[in-house]
Amino acid sequence: MIDDDTFLVCCMLANNKLGTIQNVKEVSKRAKEKGVLIFSDCVQALGKIPINVKELGADYAIFSAHKLYGPKGCGAMYARISAPEIQFVHGGHQEEGLRAGTESVHNIAGFGAACKQVPKLIKHTEKEHDLKHYFAERLKEFNGNIIINSPENNSLPNTLSIRFVGKSNSEVLHTLDYYGIAVSAGSACSTSLDKPSHVLTAIGLSEQEARETIRVSLGIDTTKKDIDYTLKILSKHLL
């Protein structure tokens with residue numbers, strides 16, 4: 001798809017709906033061969049898998065603090081020193097003229113503190129992966145009433161996209177919420193839109209099937225007891 005009019009290729013490192021890990025390194029290689037810049041959204045991958053922007057070959061990469069249990073509303077952008085920089089919030093000279101407005105120092109400090117926990121979070125992902133695998137295998141026992149959308153391999157250790165055949169995701173969401181289990185029916189950046197996920201339809205799901213899908217994200221405090229409790233609620237009230 002890269003042609004003479006392409007100036008930038010954007011690719012997520014890890015998909016926020018499915019957890020799929022993209023081959024950004026290869027994408028960057030193809031882009032460089034055409035003399036095109038590469039931008040990678042690394043938000044979902046931060047703290048889940050090791051990230052080295054130089055190895056990825058990215059000219060630009062973005063990150064968000066809340067994925068590390070840091071403050072919400074704070075992010076960071078990496079730009080290769082040789083990459084062109086363009087002012088993207090106008091009105092002031094702050095941040096070397098790139099982004100107008102006074103910096104939110106307390107959020108920046110919180111992000112910095114959260115970043116120090118990355119090695120701990122990465123180390124913990126093996127446990128998250130085992131819990132995710134256990135959860136997925138138990139869900140498969142529900143006689144085809146549940147379908148796992150996330151790939152078994154090459155996926156984030158904590159993210160699982162699950163389809164409940166014949167049930168709307170809003171019903172599943174509210175039932176689980178009532179019993180103290182927090183899941184999502186879509187990404188936080190699109191929750192106000194009454195449209196099926198373009199990610200889910202892109203992998204072949206119909207609009208109806210996409211509306212039967214939720215996302216479960218395991219965290220550093222998730223235990224096997226939590227998984228068993230969730231399975232119990234699903235079995236009793238939704239299956």
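Mind checking which residues of region 32-68 are touching a residue at least 24 places away in the same chain (Cβ under 8 Å), of a type outside the set (A, V, I, L, M, F, W, C), out of contact with any helix residue (DSSP H, G or I) (no Cβ under 8 Å at 6 or more places or on another chain) and outside any strand (DSSP E or B)? 32, 34, 59, 67 - these are the residues of region 32-68 that are touching a residue at least 24 places away in the same chain (Cβ under 8 Å), of a type outside the set (A, V, I, L, M, F, W, C), out of contact with any helix residue (DSSP H, G or I) (no Cβ under 8 Å at 6 or more places or on another chain) and outside any strand (DSSP E or B).
Restricting to region 70-109, what's the tally of residues that are among the hydroxyl-bearing types (Ser, Thr, Tyr) and in contact with a helix residue (DSSP H, G or I) (Cβ under 6 Å, 6 or more places away or on another chain)? Full working, then the answer.
Looking only at region 70-109, we keep the residues that are among the hydroxyl-bearing types (Ser, Thr, Tyr), and these are 78, 82, 102, 104.
This time we only want the ones that are in contact with a helix residue (DSSP H, G or I) (Cβ under 6 Å, 6 or more places away or on another chain), so: 78.
Summing the residues that are among the hydroxyl-bearing types (Ser, Thr, Tyr) and in contact with a helix residue (DSSP H, G or I) (Cβ under 6 Å, 6 or more places away or on another chain) in region 70-109 gives 1.
Any residue that is modelled with pLDDT under 95, farther than 30 Å from residue 117 by Cα and of a type in the set (Ser, Thr, Tyr) - is there at least one of those in region 192-199?
Restricting attention to region 192-199, the residues satisfying the condition of being modelled with pLDDT under 95 are 192-199.
After this cut, where a residue has to be farther than 30 Å from residue 117 by Cα as well, the list is 192-199.
Right, trim to of a type in the set (Ser, Thr, Tyr) and you get 192, 197.
Yes, because at least one residue in region 192-199 is modelled with pLDDT under 95, farther than 30 Å from residue 117 by Cα and of a type in the set (Ser, Thr, Tyr).
I want to confirm something. Restricting to region 1-31 and keeping residues that are hydroxyl-bearing (Ser, Thr, Tyr) and without any contact (Cβ under 8 Å) to a residue 60 or more places away in the chain, which single residue is surrounded by the most Cβ atoms within 10 Å (Cβ to Cβ)? Talk me through it step by step, then tell me what you get.
Quick first cut of region 1-31, residues hydroxyl-bearing (Ser, Thr, Tyr) only: 6, 20, 28.
In the following step, the residues that additionally are without any contact (Cβ under 8 Å) to a residue 60 or more places away in the chain were identified as 6, 28.
Values: 6: 13, 28: 22.
Step by step, filter region 1-31, then rank; the result is 28.
Applying the set (1) over 20 Å from residue 76 (Cβ atoms); (2) in the same structural domain as residue 70 (by TED's automatic domain parsing); (3) part of a helix (DSSP H, G or I) to residue 91 leaves exactly one unmet item: (3).
The values are calculated or read from the model by the stated rules, or taken from the named source; none is laboratory data. Every value quoted in this text rests on a predicted model; they were computed, and no experiment measured them. Here Cβ is always computed from backbone atoms with ideal geometry, including for glycine, and neighbour counts include all displayed protein chains.
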